[in-house]
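Engineer: This is the structure, below, for whatever I ask next.
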């Protein structure tokens, strides 16, 4: 099944499932599988460690890159690219968490919930939301996705024409099927 669906003017090539040439498709799937392998190894290393911080995640990414590169699964340069992709995806997750925190803050606002335990929980969630908002703002400027990048499943919106692409799995980002733009914003 095709990893990309378009909401606007369907491109016959995409509808037919021929996103890239047959020769490229094998390599395309290979890079995605390598990224998934890298992400899985990062998760294993991070979960095995006791520390759960940004620094611990960075160490897990570097360790996974070194291990998989030493094992010959990909080059050191490719590992650096995968690390960059993972940083970007984690920053997107932080942005999504900020949105969820904001929604929780609005829904659990003390004026709506009244006094007591729910009010205390709302204040706690508000503080958490503000912390996530701060983290997300720092990552916001760095979040952009380009044709040729590999990313996980989600929705990409072309920054040029607004075309929406639905990625069903980890995939290499194609040019916009509508305007052939190369820069996207991602949502889930």
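Results for (1) without any contact (Cβ under 8 Å) to a residue 60 or more places away in the chain; (2) surrounded by fewer than 20 Cβ atoms within 10 Å (Cβ to Cβ); (3) under 20 Å from residue 94 (Cβ atoms), shown as yes or no for each residue.
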| residue | (1), (2), (3) |
| --- | --- |
| 151 | no, no, yes |
| 156 | yes, no, yes |
| 163 | no, no, no |
| 166 | no, yes, no |
| 171 | no, no, no |
| 174 | no, no, no |
| 177 | no, no, no |
| 180 | yes, yes, no |
| 184 | yes, no, yes |
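Engineer: Restricting attention to segment 42-60, does a residue exist that is closer than 20 Å to residue 169 by Cα and within 16 Å of the chain's Cα centre (by Cα)?
Structural biologist: yes
Engineer: On the basis of being modelled with pLDDT of 70 or more, under 18 Å from the mean Cα position of the chain (by Cα) and surrounded by 14 or more Cβ atoms within 10 Å (Cβ to Cβ), does residue 92 make the cut?
Structural biologist: Here the answer is yes, as residue 92 does meet what is asked.
Engineer: Another one. Scan segment 62-80 residue by residue and report those that are surrounded by fewer than 15 Cβ atoms within 10 Å (Cβ to Cβ), in contact with a helix residue (DSSP H, G or I) (Cβ under 8 Å, 6 or more places away or on another chain) and not in a helix (DSSP H, G or I).
Structural biologist: The answer is 75, and nothing else.
Engineer: Is at least one residue of segment 95-109 more than 18 Å from the chain's Cα centre (by Cα) and at pLDDT 80 or above?
Structural biologist: no
The values are calculated or read from the model by the stated rules, or taken from the named source; none is laboratory data. Just so you know, these numbers come straight off a predicted model, no measurement behind them. We place every Cβ from the backbone using ideal geometry, glycine too, and count neighbours over all the protein chains shown.
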